[in-house]
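The values are calculated or read from the model by the stated rules, or taken from the named source; none is laboratory data. Keep in mind that this is a model prediction, so the values were computed, not measured. For neighbour counting, all protein chains shown are included, and Cβ atoms are generated from backbone atoms with ideal geometry for every residue, glycine included.
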Ligand code: SF4
């Protein structure tokens with residue numbers, strides 16, 4: 001088995017040109033820096049939950065990690081092999097791109113959009129097996145598909161296999177999409193808000209199923225969510241990591257317990273505060289100076305969180321903090337982690353009054 005992590009990202013940056021509409025035809029397009037300088041390793045059989053407000057770059061980072069988005073700069077490696085070198089057919093490619101593609105799968109928030117409405121479930125599930133395991137007989141394929149349908153509680157499997165997607169509930173469609181990903185025998189599955197559209201009662205059921213299958217198939221999972229409670233559920237039970245993103249940057253990452261019990265980054269504290277079931281009874285003042293999220297086309301100078309951070313000082317406007325080890329796998333990017341940083345002799349910012357608005361950090 002390779003000693004390399006399943007995925008390693010180093011100093012990854014992803015920029016997009018924004019669509020300026022009709023006026024854009026006469027001007028240079030704005031550049032949105034969706035991911036900025038992120039380094040991250042996803043080990044074998046690990047669950048990593050990426051959380052943060054809408055637009056923080058977590059989906060872009062997830063897609064970049066599984067090779068569906070080319071980074072503007074930095075490297076993305078699968079078991080030590082640069083994914084984009086393999087894709088471009090470089091001369092010293094050790095892992096063929098075809099193997100990388102099979103090993104990195106995705107399930108989306110809306111499973112209906114990734115199932116052909118005119119195809120029976122059995123046909124949708126047989127397609128990846130035909131492609132990736134052409135040696136299987138028709139009977140082998142059917143046995144695998146029925147076995148998986150049974151495994152996720154869709155029985156009798158011959159009944160579900162012969163239905164069309166519109167004859168399934170949202171939760172059943174999500175299970176089919178999960179089976180389809182697992183039939184590829186992947187090393188990592190990116191679950192992009194995969195349970196957000198489900199009823200609360202079904203969410204727990206689906207998360208339990210994800211964890212069971214992750215354990216059974218020894219697959220790593222990157223789970224993207226705007227909800228810190230869901231991230232906690234998945235990572236506490238699997239000994240996983242929670243990564244917190246803000247305006248394209250990974251500001252804190254660590255084991256679930258440390259992130260929730262001892263958050264070090266002021267933004268993580270705000271996210272935790274905005275998730276009522278994590279801090280029941282805490283109706284204190286919102287831990288933000290300003291609730292407005294800055295424009296990603298023109299992010300703040302220095303630490304990108306300084307316009308909202310209640311701990312911000314003048315030094316935070318000048319330079320950007322590096323990610324420092326807090327303890328083991330726990331890292332945070334805040335000057336307060338550096339005991340000798342000039343931050344401590346710098347005056348507090350007083351240009352923005354603390355906000356007294358309601359809980360909105362996780363909107
Ligand atoms: Fe807040 Fe400064 Fe830390 Fe950024 S570096 S999170 S602005 S204290």
In segment 331-343, residue nearest to residue 244 (Cα to Cα) [restricted to those that are touching a helix residue (DSSP H, G or I) at 6+ places or on another chain (Cβ under 9 Å) and surrounded by fewer than 19 Cβ atoms within 10 Å (Cβ to Cβ)]: 336
Subset of segment 327-352 [more than 13 Å from the ligand (Cβ to nearest atom) and either closer than 14 Å to residue 259 by Cβ or in a loop (DSSP other than H, G, I, E, B) (or both)]: 327, 328, 329, 330, 331, 339, 340, 350
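The rows are residues; the columns are (1) modelled with pLDDT of 95 or more; (2) more than 16 Å from the ligand (Cβ to nearest atom); (3) under 27 Å from residue 306 (Cβ atoms); (4) assigned to a strand (DSSP E or B).
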| site | (1), (2), (3), (4) |
| --- | --- |
| 160 | yes, yes, no, no |
| 163 | yes, yes, no, no |
| 184 | no, yes, no, no |
| 189 | yes, yes, no, yes |
| 197 | no, yes, no, no |
| 201 | no, yes, no, no |
| 205 | no, yes, no, no |
| 235 | yes, yes, no, no |
| 251 | yes, no, yes, yes |
Unique match (being surrounded by fewer than 23 Cβ atoms within 10 Å (Cβ to Cβ), closer than 25 Å to residue 43 by Cα and in contact (Cβ under 8 Å) with a residue 40 or more places away in the chain) among 265, 226: 226
Residue in segment 280-300 that is within 13 Å of the ligand (Cβ to nearest atom), in a loop (DSSP other than H, G, I, E, B), closer than 22 Å to residue 51 by Cα and in contact with a strand residue (DSSP E or B) (Cβ under 8 Å, 6 or more places away or on another chain) present: yes
Those helices (runs of 4 or more DSSP H) lying entirely in segment 19-127 with at least 3 residues within 25 Å of residue 170 (Cβ to Cβ): 58-65
Residue match in segment 307-322 (condition: assigned to a loop (DSSP other than H, G, I, E, B), within 21 Å of the chain's Cα centre (by Cα), crowded, with 16+ Cβ neighbours inside 10 Å and more than 7 Å from the ligand (Cβ to nearest atom)): no
Residue within segment 165-185 that is in contact with a helix residue (DSSP H, G or I) (Cβ under 9 Å, 6 or more places away or on another chain) and at positive phi present: yes
